[in-house]
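Colleague: I'd like to ask you about the structure that follows.
The values are calculated or read from the model by the stated rules, or taken from the named source; none is laboratory data. Keep in mind that what you see is a predicted model, and the values were worked out from it rather than measured. Neighbour counts are summed over all protein chains in view; Cβ atoms, including those assigned to glycine, are modelled from backbone coordinates with ideal geometry. Each accessible area value is taken on the protein alone, full model and side chains, heavy atoms only, with ligands, DNA and RNA left out. Shrake-Rupley method; radii C 1.70, N 1.55, O 1.52, S 1.80 Å.
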Amino acid sequence: MAAEHYCADSENGDHIDGPSEDALFMLIDDLNDTDNTFVVIQPDQDDPAWFASVAVLDDGGYEIVRHDSRHREHDVSVETGIDRITGDLIRWLATRAT
């Protein structure tokens, strides 16, 4: 099943509708610890039922949060490799059925 329409927004104002794995990689790669610390991916609607976020950690690496209230899912992990983060997110997003 394909994910419902979603978008990605970063703290610095970047917005991408239906981001690909490559687009997510670029958004995460552009994160820094001063003025662009997070990216949020969620349905493009009011009061979304799910979201994923990636935030820069002070000591290096990234905190990844995946939350889906419809399935009582809330997962927080820490990763360092952007390739792994984007691949995992794309797979997770694919399970967000419409």
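Colleague: Among the listed residues D75, D33, D59, D44, identify the single one that is acidic (D, E) and either closer than 12 Å to L89 by Cα or at pLDDT 95 or above (or both).
Modeller: D75
Colleague: Would you say H5 is free of Cβ contacts under 8 Å to residues at least 24 places away in the same chain, over 22 Å from D83 (Cβ atoms) and open to solvent by 40 Å² or more (accessible area, probe 1.4 Å)?
Modeller: no
Colleague: Now, a different point. Is at least one residue of the range 11-29 in a strand (DSSP E or B), open to solvent by 30 Å² or more (accessible area, probe 1.4 Å) and farther than 15 Å from I90 by Cβ?
Modeller: Yes.
Colleague: When residues of the range 44-89 are filtered for being in contact (Cβ under 8 Å) with a residue 40 or more places away in the chain, open to solvent by less than 60 Å² (accessible area, probe 1.4 Å) and assigned to a helix (DSSP H, G or I), how many remain?
Modeller: So the answer is 5.
Colleague: Could you list, in sequence order, the residues of the range 33-56 that are over 15 Å from the mean Cα position of the chain (by Cα) and over 18 Å from P19 (Cβ atoms)?
Modeller: D33, T34, D35, D46, D47
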